[in-house]
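Chemist: Below: one structure in C-alpha cells.
The values are calculated or read from the model by the stated rules, or taken from the named source; none is laboratory data. Quick caveat, the model's predicted, so the values are computed rather than measured. Reconstructed Cβ throughout: ideal geometry from the backbone, glycine too, with neighbour counts over all protein chains shown. Please note that ligands, DNA and RNA were not included when accessible areas were found on the heavy atoms of the full protein model with its side chains. Shrake-Rupley method; radii C 1.70, N 1.55, O 1.52, S 1.80 Å.
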Amino acid sequence: MLNKVNGILVGDDGLPRPAWAAADPMLREYYDTEWGLPVRDEQGLYERISLEAFQAGLSWATILRKRPAFRAAFRDFQPDIVAAYTDADVQRLLLDAGIVRNRLKIRAAITNAQATIALRPDGGLVDFVWQFKPDTTPEPTALDHIPTTSAESIALSKALRKRGFAFVGPTTMYALMEAIGMVDTHLLDSHRRGSSGVWPR
C-alpha cells in the first residue's frame, strides 16, 4: 500500500520501500541487495562511475537492464583492458544494440579507465573518491526531500575532472555517492535505512 505522504510502499513481504523500488522486480532486487552498499574496490567503483555516466539523461532502469551487455562490452569494466580500447573498439561498441550507443559516453568510459590507472600512484580511485565522504548524511522522510547535489559532490566532480575524468558532473557524482553508500538517502521509513554500515540508522 502506497503512503502518498512520503512515497513509501509496503511490499507483499511487509517491507517498506520507496515507490520507485517497489514495483519492478529488477529494481526491487537492486534496491534490496546493492544500492547504497559500500563499493571499495577499483574495478567496482570504475564500473559504477561508468554506468552513472551512461545513465545521464536516461532512467536507471534502462541502465540496469543493459548492465549484462555493458559488462560484456567493457570486459567487466577492467580498467587496464578498457584503457587500451582503440577507435576500432569505439566503432564496434557503437554497433552494439545491447548498450547505450552514445559516442561521447563510450569515449568517456575509455578516458575514465585511463584516468583510473593514472590515479594508482597517488593512492588509487577508491581512496580518491571516498575522501569526499561528508560528515553528515541526509535524513529524508519523503522522496522530494532527497538532494540531487551537495557541496561534496560538486567538489568530487571538480577533482575528478582535474584528474582527467569525463561525464562526472555534480548530479552524476551525487548519484554515485548514493549508490556506493557515501551518503545514505534511504527514506527514514525504508527497511534499508542504515544498512550500509557507513551511517547509523
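Chemist: Among (1) in contact with a helix residue (DSSP H, G or I) (Cβ under 6 Å, 6 or more places away or on another chain); (2) among the hydrophobic types (A, V, I, L, M, F, W, C); (3) closer than 22 Å to residue 104 by Cβ, where does residue 128 come up short?
Modeler: (3)
Chemist: Please state which of the following conditions residue 127 fails to meet, knowing it meets all the rest: (1) within 27 Å of residue 178 (Cβ to Cβ); (2) part of a loop (DSSP other than H, G, I, E, B).
Modeler: (2)
Chemist: Let me ask you something else. With respect to residue 186, is the statement that it is crowded, with 22+ Cβ neighbours inside 10 Å, of a type outside the set (D, E, K, R), farther than 19 Å from residue 47 by Cβ and touching a residue at least 60 places away in the same chain (Cβ under 8 Å) true? Full working, then the answer.
Modeler: Working: crowded, with 22+ Cβ neighbours inside 10 Å: yes; of a type outside the set (D, E, K, R): yes; farther than 19 Å from residue 47 by Cβ: yes; touching a residue at least 60 places away in the same chain (Cβ under 8 Å): yes.
So residue 186 passes the test.
Chemist: Same structure, new question: Return the residues of segment 129-152 that are over 16 Å from the mean Cα position of the chain (by Cα) and buried (at least 19 other Cβ atoms within 10 Å of the Cβ); say none if nothing qualifies.
Modeler: Those that are over 16 Å from the mean Cα position of the chain (by Cα) and buried (at least 19 other Cβ atoms within 10 Å of the Cβ): 137, 140.
Chemist: Let me ask you something else. Counting only residues that are of a type outside the set (Val, Ile, Thr), give me the helices (runs of 4 or more DSSP H) lying completely in segment 58-98 with at least 3 of them.
Modeler: Once the helices (runs of 4 or more DSSP H) in segment 58-98 are filtered for at least 3 residues that are of a type outside the set (Val, Ile, Thr), what remains is 60-73, 87-94.
Chemist: Residue by residue through segment 99-115, note down the ones that are assigned to a helix (DSSP H, G or I) and within 15 Å of residue 54 (Cα to Cα). Even if it seems obvious, please write down each step before you answer.
Modeler: The first filter runs over segment 99-115 and keeps only residues assigned to a helix (DSSP H, G or I), leaving 103-115.
Selection gives 103, 104, 105, 106, 107, 108, 109, 110, 111, 112, 113.
Chemist: Residue check, residue 155 against (1) among the aliphatic types (A, V, I, L, M); (2) in a helix (DSSP H, G or I); (3) open to solvent by less than 10 Å² (accessible area, probe 1.4 Å), all met but one. Which one?
Modeler: (3)
Chemist: Only one residue in 42, 34, 29, 47 is among the charged types (D, E, K, R) and more than 14 Å from the chain's Cα centre (by Cα). Which one?
Modeler: Only one candidate qualifies: 29.
Chemist: Follow-up. Is at least one residue of segment 115-123 β-branched (Val, Ile, Thr), open to solvent by 60 Å² or more (accessible area, probe 1.4 Å) and without any contact (Cβ under 8 Å) to a residue 40 or more places away in the chain?
Modeler: No - not one qualifying residue is present in segment 115-123.
Chemist: Please state which one of 89, 80 is farther than 20 Å from residue 190 by Cβ, without any contact (Cβ under 8 Å) to a residue 24 or more places away in the chain, surrounded by fewer than 19 Cβ atoms within 10 Å (Cβ to Cβ) and more than 18 Å from the chain's Cα centre (by Cα).
Modeler: None of the other options fit; the residue is 89.
Chemist: Residue check: is residue 46 of a type in the set (Ser, Thr, Tyr), in a loop (DSSP other than H, G, I, E, B), surrounded by 12 or more Cβ atoms within 10 Å (Cβ to Cβ) and touching a helix residue (DSSP H, G or I) at 6+ places or on another chain (Cβ under 6 Å)?
Modeler: no
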